[in-house]
Amino acid sequence: MLITLGPTNSGKSHLLFQNENSLVDQSLRFIFDSIEPLSDNVERIRQYYPDMVDARTLESSGDVSASSFHYLSISMFELYNDNIIDLLHPSTKSVRENSTIVTDPIDAKLTPRNISKFLVNSYRSVHDLVFNSLTKRKTFPTSANNRSSRSHCFIFLNLHKIYADVMETTRFTIADLAGLERSKSAGTSGLSLKEASYTNCSLTELGRCFELISMKQFYKTCLRTNKLTRLVLNDYVKLNHPLHILVTLDPFGEEGF
C-alpha cells in the first residue's frame, strides 16, 4: 500500500495524479511491464465475480488452455464525510449510502460492500478509468487550496490468479488522503467546514494509531475506531503487508495553512 500524508496544499494529489510522470502513472506502467500475460478467458473470472465489468482495450496474449489464469481488476472509491462512494459506478448517487466495509467472501480482502470491479488488461484501459473517475472526486476551492480534496481517495489494483478451483488475489492499494487544514486559515464554513471536520478527525485518529504502533501499544481493536484506520492499517497489522507513506510538507511551515 502507498498512501499520501500531509497538510492541505502540500502537493499530495499533484504528485500522485497531475502529469504523465506522476506516481500513479509510473505505478501503472510498472505493473503492466511486470505481470504475467493476462488471460482472455473471461468466463473463468466471472465464475467468481459475475458482475465484473469488462473494460479491456487490447487483445491479451494469455493462453486459454493454460493451467492457471491471471486477471487484473480495479476498484476506486472515496471516503467522503464517512460515506464510501464508488467512483467507478456510472451513477454515484445510488451508492452513497454504501458505507459498510466487509471481508470479501471470494478473495478474503477487506473491501467496501458491493464495490464495482472493472477488468483491465492494458495500461491505457486502467489509466482512462482512473483519470476519468478522478473528475467525480469531491473538491472545493478554499483560501488554502483552489482545488482542495474533500475526501480520501482509494484505488485497489487486484491481481487474480486462478488455478484448479482456487483463486488467489494480490492487491496493491494507492490512497490519496485529504490534507489536514485549519478552518480559520482555509476560510471554510457550512458544508466545506463539515467536510474538513470529517477528514481532520479521521486523520487525527490515524495519526494516533501510528503513534500506538511505534510504541508497541497498538491493539487490533483500534482498527474499528473509524473507516480510514481500518482501510489503511488492516493488512499492515493483521497480515504484515508493507505500508509506504509519502509525506508532503507545507513549504511555509507554521506560517502556512
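For every residue, the table says whether it meets (1) touching a Gly at 6+ places or on another chain (Cβ under 6 Å); (2) over 20 Å from residue 124 (Cα atoms); (3) modelled with pLDDT of 90 or more.
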| residue | (1), (2), (3) |
| --- | --- |
| 17 | no, no, no |
| 22 | no, no, no |
| 29 | no, no, yes |
| 52 | no, no, yes |
| 55 | no, no, yes |
| 64 | no, yes, no |
| 77 | no, no, yes |
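Within region 1-21, take every residue that is in a loop (DSSP other than H, G, I, E, B) and under 23 Å from residue 86 (Cα atoms) and give me the one that is least open to solvent (accessible area, probe 1.4 Å).
In this case the residue turns out to be 1.
Looking at this structure, is residue 38 within 18 Å of the chain's Cα centre (by Cα) and modelled with pLDDT of 85 or more?
Answer is no for this residue.
Note down all Cβ pairs under 6 Å where the first residue falls in region 129-155 and is closer than 19 Å to residue 231 by Cα, the second is surrounded by fewer than 21 Cβ atoms within 10 Å (Cβ to Cβ) and modelled with pLDDT under 65, and they're at least six residues apart or on different chains.
Close Cβ pairs (under 6 Å, with a partner that is surrounded by fewer than 21 Cβ atoms within 10 Å (Cβ to Cβ) and modelled with pLDDT under 65) amount to 150/140.
Give me the residue from region 206-257 that is of a type in the set (Val, Ile, Thr) and in a loop (DSSP other than H, G, I, E, B) and, out of that set, modelled with the highest pLDDT.
248
If I ask for residues that are basic (Lys, Arg), more than 16 Å from residue 151 (Cα to Cα) and within 19 Å of the chain's Cα centre (by Cα), which ones from region 201-229 would you list?
Across region 201-229, the qualifying residue is only 224.
The values are calculated or read from the model by the stated rules, or taken from the named source; none is laboratory data. What you see is a predicted model; the values in this text were computed from it and never measured. Counting neighbours? That spans all protein chains shown, and the Cβs are built from the backbone with ideal geometry, glycine included. Note: areas computed on protein heavy atoms with side chains; ligands, DNA, RNA excluded. Shrake-Rupley method; radii C 1.70, N 1.55, O 1.52, S 1.80 Å.
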